[in-house]
Amino acid sequence: MKRDLGTGRCACGRVHEAAIDEVVVGKGAVRRLPELAARYGAKKPFVLADRNTFAAAGETVCGVLEEAGLSCVRYVFPDARPEPDEHAVGAAVMHFDHGCDLIIGVGSGVINDIGKILSRISGRKYIIVGTAPSMDGYASATSSMSMDGLKVSLPSRCADVIVGDTDILRQAPLHMLRSGLGDMLAKYVSIAEWRIAHLITGEYYCERVAQLIRDAVKRCAEHAEGLMNRDEDAVQAVFEGLVTGGAAMAYAGVSRPASGVEHYFSHVWDMRGLEFGTPVELHGIQCAMATLKAVQLYEALETVTPDWEKAHAYVEAFDYEDWKRQLRGFLGKSAETMIAQETREGKYRKETHPARFARIGDNWDAILRILREELPSSEALAALLGTIGISADLGTIGVDSACAQMTFKATKDIRDKYVLSRLAWDLGVLDELAQRL
C-alpha cells in the first residue's frame, strides 16, 4: 500500500511529507516483522500489548520474532481495555527496558497511542501491528489521550511501519469492524467543514489531501456489506482507508482532513464518561452516530438565511459567565481546561463577530454548494449505518435529547477549530439547531 502525494511543492503551497517508511497489508503480513526489524538494526524489540490484543496477535508476534532469533521483552497491560491516560503512559514507560532497540505495538487505538508516545520519549523506532481496523490513528503523529480529564491530541510520533495482517484483522470483533468504518464515514463532515473554515477564517486547505480522503471513504462505503461478512477485501479496504486518514493528517499538518464536529461529540461523551461514569462506546461508533446527527443539522442549516440583526442580537446577548456555569455542570473538572483555552483563543470576543458574519454572508451560496458536494443525505447515511448495524438512535449509547443538545453546544469549546457549532453560533441559530437533537 502506498499513499504518496509525490515530491515537490503542492499547489496549496506546502510540501507534503509523511514519516511512515512502509505500510504492509495483506495475508500473513506479520511474518515480515523480522525483516522489518532488521531494517532498523534491531536485536531486542519491546512488545507492548493489552490482555486482549496479546491473545489476538501478541503471542504470534513474539513467536515470529523469537523464531528469527530476536529476543523480545514484552509488557502486557493487565486490563483488557486500558484507559489512554497518564497512568497507562506511566506504566509503559516504567516497564520499558532501555536495552530494547525497537518498539512494536500490538493493538489498535489505545496501544498505538501509547506506543507512539513511548517511541517519542525513548527515541526508538516504532512498528504497530494492527489488531482491528477500528480507528484512524495508525498513521497519525499525535496521540488521543485523556489528560486532566480532558480529551487532548498530544504530539507524539508517527509509526515508522504499519502492519495490517488481514488474517488477524478480519478476526477482530464485529463491533470493532463497525467502529473502523464509522470513523471513516466521519470524514464526510470533516472535509466539508475544512472547506467551510477555509472560506470563513482563511484556514489552510489542500484539495489534493481532501481528495485522498474522498477516495478512501468511497471505497470503504462500497465495502460496508462485505465488512460485516469479514470479507478480506473489505477488511483491507477499511484498514487502508484508516491509514490514509492518518497519513492525510500528516500531509496537512492538522487533523482537519479526518476530524470535525462529529469527533467533538465523541470527545464530549468520553469526557462525561471519565467524570461521571456515563456510558461510553467505541470511538468510531460514537463518531458514526454523531456524523448522522451532524448531517441532519447541516440539512436544517440549509434552510437558514443569514440574518445580521438576528445574529448580532444573539451574540450580544450571549452570557459567557452563564455558559461557563453550564459547562462546569455538564463536564465537571474537564470544563476548566476548556475555559482556560478560551482565555487564549477568544472565540467569544464580540468585536470579531461582525467580520466573520460578513464572510459567512458573502460566501453563503458557496457554503451551501460545499454541503451538497460533500455530504450524503441523512437518509442515505442512516441506511449505510444500518447495513453495518449502527443505530441512528443516540439513546442506544445512553445519550438522551437533553444530553445531545448540550453536547452539540459544547463542541465549540473543545478546540480552536471552526466547526458546525461555531458557524451556528455566528449565525445566531445555535440553540435552534440544538433543539432538533
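The values are calculated or read from the model by the stated rules, or taken from the named source; none is laboratory data. Small disclaimer: the values here were computed from a predicted structure and weren't measured. Reconstructed Cβ throughout: ideal geometry from the backbone, glycine too, with neighbour counts over all protein chains shown. Surface areas here come from the heavy atoms of the whole protein model, side chains and all, with no ligands, DNA or RNA. Shrake-Rupley method; radii C 1.70, N 1.55, O 1.52, S 1.80 Å.
Worth pointing out:
- Residues of the range 33-42 that turn out to be out of contact with any strand residue (DSSP E or B) (no Cβ under 6 Å at 6 or more places or on another chain) and farther than 15 Å from residue 62 by Cβ, as a count: 4
- So residue 120, is it more than 14 Å from the chain's Cα centre (by Cα), open to solvent by 20 Å² or more (accessible area, probe 1.4 Å), farther than 30 Å from residue 410 by Cα and touching a residue at least 60 places away in the same chain (Cβ under 8 Å): no
- For the range 28-44, the count of residues that are at pLDDT below 95 and in a helix (DSSP H, G or I) is zero.
- Any hit, the range 14-36, residues being acidic (Asp, Glu), more than 28 Å from residue 171 (Cα to Cα) and surrounded by fewer than 18 Cβ atoms within 10 Å (Cβ to Cβ): yes
- Between 245, 226, 253, the distinction of being in contact (Cβ under 8 Å) with a residue 24 or more places away in the chain and within 19 Å of residue 178 (Cβ to Cβ) belongs to 245 only.
- Flag if residue 351 is at pLDDT below 95 and part of a helix (DSSP H, G or I): no
- Within the range 300-312, if we keep just the residues that are open to solvent by 40 Å² or more (accessible area, probe 1.4 Å) and not in a helix (DSSP H, G or I), the residue that is farthest from residue 217 (Cα to Cα) turns out to be 307.
- Note on the range 45-59: residues that are part of a helix (DSSP H, G or I) and either small (Gly, Ala, Ser) or open to solvent by 70 Å² or more (accessible area, probe 1.4 Å) (or both) total 7.
- Selection status of residue 297, farther than 23 Å from residue 222 by Cβ, in a helix (DSSP H, G or I) and out of contact with any helix residue (DSSP H, G or I) (no Cβ under 6 Å at 6 or more places or on another chain): no
- Members of the range 314-351 found to be within 24 Å of residue 153 (Cα to Cα) and open to solvent by 70 Å² or more (accessible area, probe 1.4 Å), listed by number: 328, 333, 336, 343, 344
- The helices (runs of 4 or more DSSP H) found entirely in the range 212-282 that carry 1 or more residues being in contact with a strand residue (DSSP E or B) (Cβ under 7 Å, 6 or more places away or on another chain) are 232-252, 261-276.
- Considered as a group, the residues in the range 399-437 that are among the small types (Gly, Ala, Ser) and within 21 Å of the chain's Cα centre (by Cα) include one that is farthest from residue 279 (Cα to Cα), and that residue is 421.
- In the range 231-262, residue modelled with the highest pLDDT [restricted to those that are closer than 30 Å to residue 334 by Cβ and open to solvent by 10 Å² or more (accessible area, probe 1.4 Å)]: 259
- Just one of the listed residues (154, 181) is aliphatic (A, V, I, L, M), under 19 Å from the mean Cα position of the chain (by Cα) and closer than 30 Å to residue 301 by Cβ, namely 181.
- Taken together, the residues in the range 123-141 that are surrounded by fewer than 24 Cβ atoms within 10 Å (Cβ to Cβ) and either within 18 Å of residue 173 (Cβ to Cβ) or at pLDDT below 90 (or both) amount to 1.
- Qualifying residue in the range 90-105 (condition: open to solvent by less than 50 Å² (accessible area, probe 1.4 Å), in contact with a Ser or Thr (Cβ under 6 Å, 6 or more places away or on another chain) and not aromatic (Phe, Trp, Tyr)): yes
- For the range 160-197, a residue qualifies if it is open to solvent by less than 10 Å² (accessible area, probe 1.4 Å), among the aliphatic types (A, V, I, L, M) and either at pLDDT below 95 or out of contact with any helix residue (DSSP H, G or I) (no Cβ under 7 Å at 6 or more places or on another chain) (or both), and the qualifying residues are 172, 197.
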